[in-house]
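Single-structure report; data block below.
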Amino acid sequence: MYQEFLKRFISSLILIIIVVFIIIKGSIFLNLFILICFFVSLYEWYKMKKNNPYYFIGIVFLFLSFYSVYYFTNSEIDISFFLLIMVICISTDLGGYFFGKIFKGKKLTKISPNKTYSGMLGSFILSIVFAYLFLEKTDIFSYLKFNSKNMIIFILLISLISQIGDITISYFKRKSKIKNTGNILPGHGGLLDRIDGMIFAFPFGYLFLHLEILI
């Protein structure tokens with residue numbers, strides 16, 4: 001369990017470092033990276049076409065999700081917000097895995113049998129911890145109108161949406177009778193296995209920020 005958790009943590013850390021590096025390098029590299037991820041995601045989604053009546057809806061959703069990423073990452077103000085959502089989603093995944101393996105307990109859903117209520121609780125706890133560690137190093141509070149209470153609500157909602165995204169992709173994998181969407185990421189599988197929560201969280205993050213929900 002420890003080795004598997006370590007692989008997931010390292011691959012998550014590498015993902016954040018790559019994204020931050022590309023952001024520093026400039027929009028051309030970042031937009032190219034986003035485009036590559038979009039097409040890889042489309043390919044992995046295509047592999048789940050079998051027994052999938054929502055296939056074309058999924059393509060539209062992927063487009064909207066990656067458009068929200070493009071919007072976030074091409075705004076100097078919103079990049080920190082984009083990274084905050086990434087941190088929440090990654091810590092949600094790590095918390096769910098770590099707490100679920102340690103405390104086990106009742107299964108959350110038959111769709112994804114590895115998900116437990118203890119893992120769900122761990123996802124919320126770790127997302128709050130890592131999000132606030134991130135917030136201490138950024139100036140997000142200087143331009144967001146969130147107070148501390150609303151920020152906690154925001155973190156919990158993004159964590160919840162991320163978990164729903166994870167379960168949703170797991171559902172389509174089971175329908176298509178595949179274990180992973182690919183094998184490019186050690187400890188995770190395919191790209192969609194890694195960003196399943198993020199592709200749901202980013203569009204909702206966009207709504208929270210630009211429609212001033214919770215403000």
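Of all residues in the range 92-114, those satisfying the criterion of being in contact with a strand residue (DSSP E or B) (Cβ under 7 Å, 6 or more places away or on another chain) and on the phi < 0 side of the Ramachandran plot are GLY100, LYS106, LYS107, LEU108, PRO113.
Residues of the range 73-90 that are of a type in the set (Gly, Ala, Ser) and in contact (Cβ under 8 Å) with a residue 60 or more places away in the chain: SER80 alone.
If you go through the range 33-47 and keep only what is part of a helix (DSSP H, G or I), more than 12 Å from LEU62 (Cα to Cα) and not aliphatic (A, V, I, L, M), you end up with just PHE33. Looking at the range 91-105, is at least one residue within 25 Å of CYS37 (Cβ to Cβ), surrounded by fewer than 18 Cβ atoms within 10 Å (Cβ to Cβ) and under 18 Å from the mean Cα position of the chain (by Cα)? Checking the range 91-105: not a single residue is within 25 Å of CYS37 (Cβ to Cβ), surrounded by fewer than 18 Cβ atoms within 10 Å (Cβ to Cβ) and under 18 Å from the mean Cα position of the chain (by Cα). Considering only residues in the range 103-120 that are assigned to a helix (DSSP H, G or I), without any contact (Cβ under 8 Å) to a residue 24 or more places away in the chain and not small (Gly, Ala, Ser), the one that is nearest to MET86 (Cα to Cα) turns out to be TYR117. Restricting the range 182-192 to residues that are within 15 Å of the chain's Cα centre (by Cα) and either modelled with pLDDT under 85 or of a type in the set (Gly, Ala, Ser) (or both), the residue that is nearest to SER41 (Cα to Cα) is GLY190.
Can TYR117 be described as among the hydroxyl-bearing types (Ser, Thr, Tyr), surrounded by fewer than 19 Cβ atoms within 10 Å (Cβ to Cβ) and closer than 19 Å to THR181 by Cβ? No. Close contacts from the range 44-72, counting a first residue that is over 17 Å from ARG194 (Cα atoms) and a second that is among the polar types (S, T, N, Q), with Cβ to Cβ under 6 Å and a gap of 6+ residues or different chains, come to LYS50/SER176.
The values are calculated or read from the model by the stated rules, or taken from the named source; none is laboratory data. Predicted model only: the values in this text are computed from it and were never measured. As a convention, Cβ positions derive from the backbone with ideal geometry for all residues, glycine included, and neighbour counts pool all protein chains shown.
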